[in-house]
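Accompanying notes for the structure given below.
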RNA sequence: GCCGCGGUGGCGGAAUUGGUAGACGCGACGGACUUAAAAUCCGUUGGUGGUAACAUCAUGAGGGUUCGAUUCCCUCCCGCGGCACCA
């Protein structure tokens with residue numbers, strides 16, 4: 001028997017055998033007890049996978065292998081998210097053509113993914129940059145368009161000056177581009193959008209029932225940002241007296257509306273209609289239509305226009321910096337009327353009000369909103385307190401944003417905030433001045449990109465017919481080859497430079513037309529890949545309904561939480577639409593989702609920019625895939641991430657060698673069968689429990705304890721065989737090798753997880769903890785069934801206990817059966 | 001600022017519903033084997049005091065509840081992540 005574990009030889013042998021015997025290729029038409037085990041497919045933004053990718057994949061695969069042993073028919077696919085800015089930026093950086101780079105990275109990524117020993121079904125890979133895939137990504141676009149969910153509009157969109165393309169709101173992380181980290185800006189452009197906001201309520205509501213990492217659900221909830229409020233209509237007048245352009249009010253902050261002429265109506269959105277009595281002015285955003293509609297009446301138009309121009313010139317970051325001084329300009333010549341008390345209200349334009357949320361206009365209540373308060377202080381505007389804190393009568397702050405009781409509020413006086421909101425809403429509704437509305441922070445998904453490396457958007461612009469979808473039969477629209485694929489920042493995609501591509505005929509009228517030259521967001525590619533995995537054998541359709549019915553939803557999805565509001569939100573939206581179209585059997589794609597934490601090294605996330613990259617290939621070559629897997633799984637709880645230390649690998653290498661050596665030690669005559677069976681039963685249960693709750697680290701610790709025990713006490717061959725089953729989710733090659741060397745012929749992954757004997761789990765003799773006043777003073781080996789009286793007797797017999805009790809009076813004793821006895825003394 | 005997750009030996013990390021804090025591993029130290037090294041094996045390893053038995057302190061800080069708190073409550077501090085003028 002070879003004493004040395006030759007990982008290279010053994011891994012190659014099993015990799016080949018698994019491939020030949022197709023043990024990871026379930027028959028998708030005969031799902032049986034199916035288990036769809038999904039992990040986030042990688043995107044090549046470097047030459048190869050880094051150890052952080054391996055971290056996620058090793059966990060997901062160990063879980064999948066466990067389900068396999070549990071008797072599930074596991075489908076575990078993999079692919080490459082190779083289209084997109086991430087891959088393209090890498091090619092640009094190394095000054096090569098993306099087409100060449102993608103050929104190379106595909107080869108390397110797949111080689112690496114094969115070496116780590118995951119149970120992938122290699123017959124069903126998807127690569128998003130191949131026509132066989134992106135043909136259907138384009139089909140998805142057409143379906144969205146057909147349902148009215150893909151549309152084009154001019155809007156203020158995010159622009160990355162470095163990537164030279166627009167981005168969706170989700171791809172701007174704290175004001176910076178998700179891909180390159182450059183600060184983004186806003187540009188007014190016409191773009192393609194997907195109407196994810198139409199699903200905002202469902203995306204929010206369904207979260208409650210999903211078995212997902214709670215943290216990710218919270219992030220999604222906050223991103224969707226539902227808020228219930230009221231739309232209130234204010235009448236706009238042109239007051240007779242000229243008010244000047246100063247912010248000062250004359251005559252005790254009052255001005256007259258006599259002879260005023262009603263000009264318009266202004267609608268605002270508020271979540272606190274109960275504070276309407278405290279409203280002392282209105283504010284519109286600099287983009288608000290009132291500025292144009294009311295221009296004739298605005299007396300200080302040039303000052304207003306100047307303010308708007310200044311606002312426009314500000315960067316997004318400057319405009320939305322909440323800590324900066326608030327600015328604004330009074331719309332002289334215009335005034336509104338507070339519908340509850342008929343008081344005239346001045347109107348301002350200020351860029352602290354966002355154009356894109358609510359109606360782009362607000363009612364300002366400086367006494368009950370911090371932003372209004374700051375603005376009112378800045379411009380010396382009146383404030384009126386109308387809500388009093390219910391708890392503290394005196395000492396109220398100038399600005400109170402909490403809930404309380406209404407005062408000086410006419411018909412709302414004495415009501416608490418909730419009741420006041422209700423009453424105000426019905427009052428406004430009665431008068432036709434307001435209605436309850438729900439607003440979401442979520443905006444529609446901007447999906448067009450002015451880049452090369454993506455699926456061309458299948459739309460054609462005809463002079464006669466306008467925007468027309470490309471007929472399904474003409475798909476795919478192949479991405480044409482081009483040497484200079486770099487984005488130029490013109491606001492049009494590089495494809496725009498290829499006349500042959502652009503010029504086409506209108507599918508409707510046959511006249512000359514121009515193709516859309518933007519490509520779609522890479523997140524569109526990944527929004528449906530898990531559906532395509534199941535249908536790669538269908539070349540005539542994107543998705544097969546029967547197939548999806550058999551396998552969707554995904555049973556377990558493990559991935560990073562950085563995708564909380566990106567991929568995980570987009571793919572839920574797309575699946576909802578696919579469900580409505582009858583493709584997906586359920587509106588939600590992932591039954592369970594668990595986020596893993598980050599892999600850290602030297603106190604920082606492993607990344608190229610930090611210079612702490614760990615190349616997994618070297619470690620796999622030196623120590624073997626199993627040792628690397630075990631090490632990654634042992635680092636800590638998956639949810640919390642791990643801390644990579646180079647020297648930690650030694651320990652796992654040692655463990656692998658020790659496990660292999662058990663083959664030499666297996667000898668029934670030398671072993672205490674009963675003791676081994678007891679610890680085996682416990683380990684079977686413990687490891688299964690840990691795996692189910694994704695605590696891979698403690699599962700491995702239990703295996704180590706078992707190995708320590710075997711080394712000391714010897715073991716029988718059948719016990720070693722059971723041990724190999726327990727080890728197999730973590731170290732598949734090593735486990736398979738031991739399995740085969742203990743007289744089995746079929747793969748360990750066709751075997752079943754071992755049963756344990758419940759009778760062996762229980763202890764007959766326990767260590768009863770004896771405390772005196774809560775401090776541990778002795779432990780007694782007693783029967784597990786011992787009762788309080790006996791336990792007390794036994795404890796009082798103990799010399800150690802006696803010493804501590806001396807002649808102190810026992811006040812009481814606390815007995816926890818099977819665990820502890822606490823004697824309380826004076 | 002708001003929301004979420006964390007803070008435990010030299011290090012990574014364990015601790016069912018509150019019940020022996022530090023499992024398991026790394027590293028370190030001592031020893032065995034070896035001409036030597038690697039590998040392997042054995043032992044020790046939270047701090048302080050003590051030859052030892054043992055005592056005592058200790059889970060970010062400070063309070064509290066409890067017979068008993070890493071675990072529950074309150075007030076803070078620090079790290080990471082999300083949102084951030086969303087009315």
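Read-outs throughout are calculated quantities, based only on the coordinates presented, and are distinct from any laboratory measurement. None of these values were measured; they are calculated from a predicted model. We place every Cβ from the backbone using ideal geometry, glycine too, and count neighbours over all the protein chains shown.
Distance distribution P(r), the range A:702-814, all Cα-Cα pairs, bin width 10 angstrom from 0: 11, 29, 17, 16, 16, 9, 2 percent.
Taking other C-beta atoms within 10 angstrom as a stand-in for reagent exposure, A:550, A:22 fall in the order A:22, A:550, fewest first.
If the segment from residue A:661 to residue A:465 were pulled out straight at 0.36 nm per residue, it would be longer than the present Cα-Cα gap by 63.0 nm. Label positions at residue A:615 and residue A:183, each projected 7 Å from the Cα along the C-beta direction, are separated by 3.7 nm. P(r) tail for the range A:1-50, what percent of Cα pairs lie past 15 Å? Here the long-distance tail beyond 15 Å is 71 percent of all Cα pairs in the range A:1-50. The modelled label-to-label distance between residue A:226 and residue A:608, using points 7 Å beyond Cα along the C-beta direction, is 4.2 nm. Compared with the dominant principal axis of the Cα atoms in chain A, helix A:732-741 is inclined by about 20°. Compared with the dominant Cα axis of chain A, that is its longest principal axis, helix A:301-313 is turned about 20°. Here r is the Cβ-Cβ distance between residue A:21 and residue A:111 and R0 is 22 Å; the resulting FRET efficiency, rounded to 0.05, is 0.60. How big is D, in µm² s⁻¹, for the range A:280-364 by Stokes-Einstein at 20 °C and 1.002 mPa s if Rh is the Kirkwood radius over C-alpha pairs? Rounded to a whole number, D works out at 162 µm²/s. Here the convex hull built on the C-alpha positions of the range A:519-581 has a volume of 105 cubic angstrom per residue. If R0 is taken as 60 Å, the Cβ-Cβ distance between residue A:123 and residue A:267 corresponds to a FRET efficiency of 0.55. Packing-based ranking of A:381-389, A:132-140 yields A:132-140, A:381-389, ordered from highest to lowest mean Cβ neighbour count within 10 Å. The calculated 222 nm mean residue ellipticity attributable to helices in chain A amounts to -10500 deg cm²/dmol, summing -39500 (n - 2.57) over DSSP H runs of n ≥ 4 and dividing by all residues. With the simple model of a label 7 Å out from the Cα in the direction of the Cβ, residue A:95 to residue A:718 spans 6.9 nm. Please identify which residues in the range A:146-168 have an amide N closer than 16 Å to a label point set 7 Å out from the Cα of residue A:190, following the Cα→Cβ vector. Zone members listed by number: A:151-157. The stretch between residue A:478 and residue A:757 holds 94.4 nm of extra length on full extension. This uses 0.36 nm per residue minus the Cα-Cα distance. Scattering from the range A:369-458 was approximated by placing one identical point on each alpha carbon and applying the Debye formula without solvent; log10 I(q)/I(0) at 0.14, 0.16 1/Å stands at -0.71, -0.84.
The alpha-carbon positions of the range A:601-651 define a convex hull whose volume is 80 Å³ per residue. Relative to the dominant Cα principal axis of chain A, helix A:131-146 is inclined by about 40°. Fully extending the segment from residue A:317 to residue A:146, taken as 0.36 nm per residue of separation minus the present Cα-Cα distance, adds 57.9 nm. In plain terms, the residue of A:685, A:93 with the fewest other Cβ atoms within 10 Å comes first and the most crowded comes last, giving A:93, A:685.
Calculated on the Cα set of the range A:101-211, radius of gyration then Dmax: 18.6, 49 Å. Alpha-carbon geometry of chain A: the Rg and the Dmax are 34.1, 111 Å, given in that order.
With q set to 0.30 Å⁻¹, the log10 of I(q)/I(0) for the range A:727-779, from the Debye formula over equal scatterers at the Cα positions, is -1.10.
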